[in-house]
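What follows is calculated from the coordinates using simple rules that are stated; it is not laboratory data. Computed from a predicted structure; not experimentally measured. Please note: Cβ atoms are built from the backbone with ideal geometry, for glycine as well, and neighbour counts cover all protein chains shown.
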Amino acid sequence: MPTQDDPTLAQELTQLYPALDGLDSARLERTLSQAQVVRLPAGTPLFGEGAPCRQFPFVLEGAIRVAKLGDGRELQLYRVTPGESCVLTSSCLVGRRDYPATGVVEQDVRLVVLPLPLFDELMATHAPFRQYVFSLFAERLTELMSLVEAVAFHRLDRRVAGALLGKGRVVHATHQQLADELGSVREIVTRVLRSYSDQGLVRLGRGSIEVLDAAGLRRIADGG
């Protein structure tokens with residue numbers, strides 16, 4: 001539990017989340033005294049579909065994957081990394097609704113967690129925090145619309161090619177992880193990857209995919 005004698009935490013939090021920087025020192029100390037610092041290892045479930053929403057997390061380290069599950073498949077909605085927040089958590093707290101998706105720790109995380117009464121207080125009395133939360137809705141809505149467009153209208157071969165780009169020469173991911181990221185199934189993603197391998201675009205390994213021809217993948221991703 002952080003206390004008012006923890007200036008390092010206060011500095012770290014306000015650097016990552018400038019919306020809190022406008023709080024005077026006494027109020028920031030009081031906020032931290034009511035919050036919790038939580039450390040969780042990768043693979044830990046944070047929330048599940050239908051679970052009640054009672055806390056607001058600030059991510060200081062690590063990453064959280066938020067996804068929608070259905071028919072044995074997983075569609076990744078977004079990731080939450082340091083300096084970001086979970087828009088589903090914000091919307092559920094504001095609307096007093098249960099979670100409509102799942103959240104799992106993807107990389108070991110360190111969080112500062114606000115209880116619901118403190119979240120409500122900041123929303124009501126601190127305009128920069130309120131504006132920050134509302135801006136989350138706009139940013140994530142744009143991302144989710146792009147995801148819907150990709151799932152609904154873009155061919156999977158283009159999406160697989162795009163998913164392999166920008167991650168270095170060697171992409172450390174299984175076919176199942178790529179399928180989850182793209183909202184598809186492993187068998188179809190494997191078929192696409194084998195086609196790329198036959199064309200000399202990639203080399204498939206165990207738990208990894210080596211990009212041999214990034215320009216060729218880019219042409220596919222761009223629809224060329």
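Can you tell me the length gained on complete extension of the stretch A124 to D108, counting 0.36 nm per residue apart and subtracting the Cα distance? The partial results should precede the final answer.
Details: separation 16, 0.36 × 16 = 5.76 nm, distance 3.20 nm.
Gain in length upon complete extension: 2.6 nm.
Return the unpartnered cysteines for the chain, using a Cβ-Cβ cut-off of under 4.7 Å.
Isolated Cys, the chain: C86.
Nearest 10 degrees, 0 to 90: what angle lies between the long axis of helix 25-34 and the longest principal axis of the chain (Cα atoms)?
That helix lies at roughly 70 degrees to the long axis.
Which residue fluctuates most in the GNM of the chain (Cα springs below 10 Å): A101, A26, A127?
A26
Between F134 and D222, what length in nm is gained on full extension when 0.36 nm per residue of separation is reduced by their alpha carbon distance? Intermediate results must be reported in sequence, preceding the final value.
Numbers: separation 88, 0.36 × 88 = 31.68 nm, distance 3.28 nm.
So the chain would gain 28.4 nm between F134 and D222.
At 1.306 mPa s and 10 °C, plugging the Kirkwood radius over alpha-carbon pairs of the range 56-119 into Stokes-Einstein gives what diffusion coefficient in µm²/s?
Values: Rh = 12.4 Å.
My calculation gives 128 µm²/s for D.
For the chain, restrict the atom set to alpha-carbon positions and state the Rg and Dmax in Å.
Gyration radius and largest Cα-Cα distance of the chain: 20.2, 64 Å.
Over the chain, calculate the relative contact order: mean separation of alpha carbon pairs under 8 Å at least 6 apart, over the residue count, as a percent.
Numbers: 367 pairs, mean separation 43.6, N = 224.
That works out to 19 percent.
Which cross-chain or sequence-distant (5 or more) residues have an amide H under 5 Å from the amide H of L60, H modelled 1.01 Å from N in plane?
Amide H to amide H, under 5 Å and 5 or more residues apart or across chains, L60 pairs with R110, L111, V112.
Rounded to the nearest 500 deg cm²/dmol, what is the calculated helix-only ellipticity per residue at 222 nm for the chain, with -39500 (n - 2.57) per DSSP H run of length n ≥ 4?
Working: 9 runs with 104 residues, N = 224.
Value at 222 nm, helices only, nearest 500: -14500 deg cm²/dmol.
Using the Cα centre of the chain as origin and beta-carbon charges of +1 (Lys, Arg) and -1 (Asp, Glu), tell me which of L141, G216, V80 is placed farthest towards the positive end of the dipole.
G216
How high is the FRET efficiency from R79 to Q15, r the C-beta distance, R0 30 Å, rounded to 0.05? Present the calculation step by step, with values, prior to reporting the outcome.
On the way: r = 20 Å, r/R0 = 0.68.
Taking R0 as 30 Å, the efficiency between R79 and Q15 is 0.90.
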